[in-house]
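Since the structure comes first, as structure tokens, the remarks are kept for the end.
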Amino acid sequence: MKLYNYLFLIFFSFTSVKSDDLNPSSKAVLPDPKKEKQTLEREDEGWKSAYEEDEDLDKEFFVYYQNLNQPKESKSEKIKLLLSNLIKAFKSEIKLRDSPNCLSLLSDINAGTVRYKTVTKDSVWMKRIRREVGLIQYTEFMFLIKYKNYLALIMYEVDPRKYTTNPAGIELIINKEPPLNRDSE
């Protein structure tokens, strides 16, 4: 009995198909190329106008990204981080170069007892040092720090006001006697 049911379904499905459905040329509807072209042009115009309005979209993204990912630090927090980086590097260099003499002084080196200054490549004195020595690799972030008779030029690859970092280079000078005034010679 099952075989008869299958045959009936097959026969019924063939008879329900109209003769017009079997002839593809009778109902073929081709898309109108003019209408397609007009639709594409309208879409392109819409994209162009949206693009022209949002030329500064990348700038807007940058501003939002900057505000979300950069912590709001006050000037005093930046100075604290800078001094922390400078003093840490300064102490380690003094300990490395003048170990037996400096042990009693290391505990006295802190933010209140040191003097520091930001140095640029355009400084007259840095230009003279570069001309005479030539081996110092200058960076964008250079600082001078002094405590008593210790003076160091500390150079960083990244901004030590924003990140806890190690210096790229340090030049330490230990003054045993007052410096000679080269300009008076």
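The values are calculated or read from the model by the stated rules, or taken from the named source; none is laboratory data. Quick caveat: nothing in here was measured; it's all calculated off a predicted structure. Every residue, glycine as well, gets a Cβ built from its backbone with ideal geometry; the counts of neighbours run over all protein chains shown. We work out accessible area using only protein heavy atoms, side chains counted, and drop any ligands, DNA or RNA first. Shrake-Rupley method; radii C 1.70, N 1.55, O 1.52, S 1.80 Å.
Here are some notes:
- Computed from the C-beta positions of D159 and S92, the FRET efficiency with R₀ = 22 Å rounds to 0.65.
- Cα-based equivalent ellipsoid of the range 86-185: semi-axis lengths in Å, sorted from largest, via gyration tensor: 22, 20, 12
- A 1.4 Å probe, protein heavy atoms only, puts the accessible area of E140 near 150 Å².
- Between L106 and R131, the simple label model (points 7 Å from Cα in the Cβ direction) yields a spacing of 3.9 nm.
- FRET efficiency estimate (nearest 0.05) - Cβ-Cβ, Q66 to I173, R0 30 angstrom: 0.15
- Using the Cβ-Cβ distance between K121 and L57 with R0 set to 41 Å, the FRET efficiency works out to roughly 0.70.
- Inter-label distance, K80 to K148: 2.8 nm, where each label sits 7 Å from its Cα along the C-beta direction.
- The trypsin sites (Lys or Arg not before Pro) found in the range 84-185 that occupy coil by DSSP, while having at most 11 further C-beta atoms within 10 Å, are K121, K176.
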